[in-house]
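The values are calculated or read from the model by the stated rules, or taken from the named source; none is laboratory data. All of these numbers come straight from a predicted model, not from anything done at the bench. Cβ placement follows ideal geometry from the backbone for every residue including glycine, while neighbour counts extend to all protein chains displayed.
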Amino acid sequence: MSRRPEHSAPPEIFYNEDEAKKYSQNSRIIEIQVEMAERALELLALPDDDETRLILDIGCGSGLSGSVLEDADHMWIGVDISKAMLDIAVEREVAGDVILGDMGEGMPFKPGTFDGAISISALQWLCNADKTSHNPHKRLLKFFTTLFSCLTRTARAVFQFYPENSDQIEMVTSQAMKAGFYGGLVVDYPNSTKAKKYYLVLMTGGAAPLPQALGSAEEERRVNYIKKRDACREARGKAPKKSRDWILAKKERRRRQGLETRPDTKYTARKRSGRF
Amino acid sequence: MKLSTYNFLTSMAIKGVKVGYPLKLTINKKEVVETEFNATFVERLLPKLDWSAIYSAAQVVELTDDIPAVQPENIAENEQLMQKLHHLLFEIDVLDGQLECPETGRVFPITDGIPNMLLNEDEV
C-alpha cells in the first residue's frame, strides 16, 4: 500500500472535512506548510521595496501559505479544488479571496494579472490521472500555458512539490518549458531524506540564474583515496602498480619463466618527458 | 469574493470560448468589510484592471454615482475617487450570487463567498 496521498483518491475527495481539519489544528502540519511557504516566497525574489503585490496561490487549501503572504503585506488570490479546505480558509477569515477550481482546467484569470505565483505541495496531484478523461501531460500544459498568460512579464512562479520519481520531474519541467517558462529545479537539503524539498522555480521574463539551494555543500569535498590505496599495497609488501619496483618484479618473473625479457637498465620504468 | 477578484476572472478555460470576459455578475447577498486603504497599491493595480468591468460591477452594487463610466485621466491625483475605488474593489464581499460566461451563458455559482469555477468533463 503506497503512502502517497495522490494514490489513494483524487484531491477533491482526499481533502475532506477530516483532512481539512488537520490543516487548521495540527501544529506540525501548520509549521511545515508555513516554513515551505516562507521559502517559496524567498525564492520568488520579489523586488525589495516594501510594496504590496498581487500573488496567486495555487492549491491554497486552508490559506496557511496565504497567511505567510499576508504577513509580508501582499495581496493574494487562492485557487483550490477542495471545497472542505476552502471552507476552513473562509472560517479562518483570511484576507485573500479563494476560488474553487481545478489546476488542470487552466487558471481562470485575465492576462497579466499577477506579480508572482506560489504553490505548496500541489503540483504532484497533476501528475496523476484521476478520471478517464484526464491526460497528465495535457493537463500540465494547459495549466502552465494559462498560468504563463496570467502572470506579468517579470514574474516568477515557485512550486514546492513532491515528485514521485525522476520521470515526473522530467514531465513537469518539459511541459513548463513548452509553455514558455524559463527556470529549473532547486533542491534544498539534497543529502537529507526528510528535509529534502523540491522547488520548481519558473520565470516568465528570460533566463536568470537559479537561486542557491539550502544545505548543499558549496565545494565538493573529495577524499584522496588513491594515496590511501597505495599505502595499503605497500603495507602488504607489494609495490604500487606501474612503479619501477613493480616493473622490475614483473621482468624478474618473466626471466624465471624463461621468456624473452629486455635487460634492466637506468631507462627501465623511467617517466617519459612531458614533450612526448 | 471581492470585486477586485471579479475584475480578474474569465471563463476562458471553457472549450471554444475566445475571450470570456467580462463575466456577468449577479449578487444575491453581499457584505461590506472595512479594510485599510493603500493608495500606492490601488494605483499600481489600475493598469491591470479593466475599467468597463469596474463600471459594470459598480452598476450591480449601485455605486455608479461614485464611479464614472469612462476612466478619467490622472486618477492617482484624485484622492476621493481612489478611496471610492478602494471601497468598490476591496470592501464589498459577494457572499452569494453567480457569474455568467458572456459567450456560452454557462453559470458559475458563488456560495459562501467562494466562486465555483470547476468545469464538467465535456467543457474542457
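Taking residue A:102 as the residue in question, decide whether it is under 26 Å from residue B:112 (Cβ atoms), within 11 Å of chain B (Cβ to nearest Cβ), under 26 Å from the mean Cα position of the chain (by Cα) and of a type in the set (Asp, Glu). Break it down into steps so the answer makes sense when it comes.
Values: under 26 Å from residue B:112 (Cβ atoms): yes; within 11 Å of chain B (Cβ to nearest Cβ): yes; under 26 Å from the mean Cα position of the chain (by Cα): yes; of a type in the set (Asp, Glu): yes.
Judged against the criteria, residue A:102 is a match.
Is at least one residue of the stretch B:36-45 β-branched (Val, Ile, Thr), surrounded by fewer than 14 Cβ atoms within 10 Å (Cβ to Cβ), over 30 Å from residue B:14 (Cα atoms) and more than 17 Å from the chain's Cα centre (by Cα)?
Yes.
Can you tell me which residues in the stretch A:107-160 are within 13 Å of chain B (Cβ to nearest Cβ), over 24 Å from residue A:210 (Cα atoms) and touching a residue at least 60 places away in the same chain (Cβ under 8 Å)?
A:130, A:131
Please work out which residue is nearest to residue A:6 (Cα to Cα), limiting yourself to the stretch A:119-172 and to residues that are among the hydroxyl-bearing types (Ser, Thr, Tyr) and out of contact with any Gly (no Cβ under 9 Å at 6 or more places or on another chain). If you could, list the steps in order and put the result at the bottom.
Our first condition is that a residue be among the hydroxyl-bearing types (Ser, Thr, Tyr); within the stretch A:119-172, this holds for A:119, A:121, A:132-133, A:145-146, A:149, A:152, A:154, A:162, A:166.
The next check asks that each one be out of contact with any Gly (no Cβ under 9 Å at 6 or more places or on another chain); those that pass are A:132-133, A:162, A:166.
Numbers: A:132: 16, A:133: 17, A:162: 10, A:166: 17 Å.
By that ranking, first place goes to A:162.
Quick check on residue A:53: is it under 27 Å from residue B:42 (Cα atoms) and in the same structural domain as residue A:114 (by TED's automatic domain parsing)?
It is true that residue A:53 is under 27 Å from residue B:42 (Cα atoms) and in the same structural domain as residue A:114 (by TED's automatic domain parsing).
From (1) surrounded by fewer than 23 Cβ atoms within 10 Å (Cβ to Cβ); (2) β-branched (Val, Ile, Thr); (3) within 17 Å of residue B:112 (Cβ to Cβ), pick out the condition that doesn't hold for residue A:52.
Failing condition for residue A:52: (3).
Can you tell me how many residues within the stretch A:78-102 are out of contact with any helix residue (DSSP H, G or I) (no Cβ under 6 Å at 6 or more places or on another chain), under 12 Å from residue B:113 (Cα atoms) and of a type in the set (Val, Ile, Thr)?
Final tally of qualifying residues: 2.
How many residues are touching a residue at least 60 places away in the same chain (Cβ under 8 Å), in a loop (DSSP other than H, G, I, E, B) and under 29 Å from the mean Cα position of the chain (by Cα) if we restrict to the stretch A:80-99?
Residues that pass the stated criteria total 2.
Which one is surrounded by the most Cβ atoms within 10 Å (Cβ to Cβ), of the residues in the stretch B:96-114 that are more than 10 Å from chain A (Cβ to nearest Cβ), touching a residue at least 60 places away in the same chain (Cβ under 8 Å) and in a strand (DSSP E or B)?
B:97
Take the conditions of a type in the set (Val, Ile, Thr), surrounded by 14 or more Cβ atoms within 10 Å (Cβ to Cβ) and modelled with pLDDT under 90 and apply them to residue B:75. Does it pass?
Criteria met by residue B:75.
Is there a residue being part of a helix (DSSP H, G or I), of a type in the set (Val, Ile, Thr) and modelled with pLDDT of 90 or more anywhere in the stretch A:255-263?
Our first condition is that a residue be part of a helix (DSSP H, G or I); within the stretch A:255-263, this holds for A:255-256.
Restricting the remaining residues to those that are of a type in the set (Val, Ile, Thr) gives none.
Checked against the condition, which is being part of a helix (DSSP H, G or I), of a type in the set (Val, Ile, Thr) and modelled with pLDDT of 90 or more, the stretch A:255-263 yields no hits at all.
Is it the case that residue A:113 is more than 27 Å from the chain's Cα centre (by Cα) and of a type in the set (S, T, N, Q)?
no
Among residues belonging to the stretch A:126-138 that are surrounded by fewer than 23 Cβ atoms within 10 Å (Cβ to Cβ) and in a helix (DSSP H, G or I), point out the one that is farthest from the chain's Cα centre (by Cα).
A:138
Here's the yes/no breakdown for (1) basic (Lys, Arg); (2) under 21 Å from residue A:154 (Cβ atoms); (3) surrounded by fewer than 24 Cβ atoms within 10 Å (Cβ to Cβ); (4) at pLDDT 95 or above:
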residue: A:62; (1), (2), (3), (4): no, no, no, no
residue: A:66; (1), (2), (3), (4): no, no, no, no
residue: A:73; (1), (2), (3), (4): no, yes, yes, no
residue: A:83; (1), (2), (3), (4): yes, no, yes, no
residue: A:89; (1), (2), (3), (4): no, no, no, no
residue: A:103; (1), (2), (3), (4): no, no, no, no
residue: A:106; (1), (2), (3), (4): no, no, no, no
residue: A:110; (1), (2), (3), (4): yes, yes, yes, no
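Please go through the stretch A:47-59 and give me each residue that is in contact (Cβ under 8 Å) with a residue 24 or more places away in the chain and within 11 Å of chain B (Cβ to nearest Cβ), ordered by number.
Hits for the stretch A:47-59 are A:53, A:54, A:56.
How about the stretch B:16-54: which of its residues are within 18 Å of residue B:97 (Cα to Cα) and among the hydroxyl-bearing types (Ser, Thr, Tyr)?
Selection gives B:21, B:26.
Select, from A:151, A:147, A:185, A:200, the only residue that is within 21 Å of residue A:59 (Cβ to Cβ), over 21 Å from the mean Cα position of the chain (by Cα) and surrounded by 15 or more Cβ atoms within 10 Å (Cβ to Cβ).
The conditions single out A:151.
Applying the selection to the stretch B:1-43, what residues are more than 10 Å from chain A (Cβ to nearest Cβ) and part of a strand (DSSP E or B)?
B:24, B:25, B:26, B:27, B:28, B:29, B:30, B:31, B:32
Find the residue count for the stretch B:65-95, including only residues that are under 18 Å from residue B:48 (Cβ atoms) and either touching a strand residue (DSSP E or B) at 6+ places or on another chain (Cβ under 6 Å) or part of a helix (DSSP H, G or I) (or both).
9
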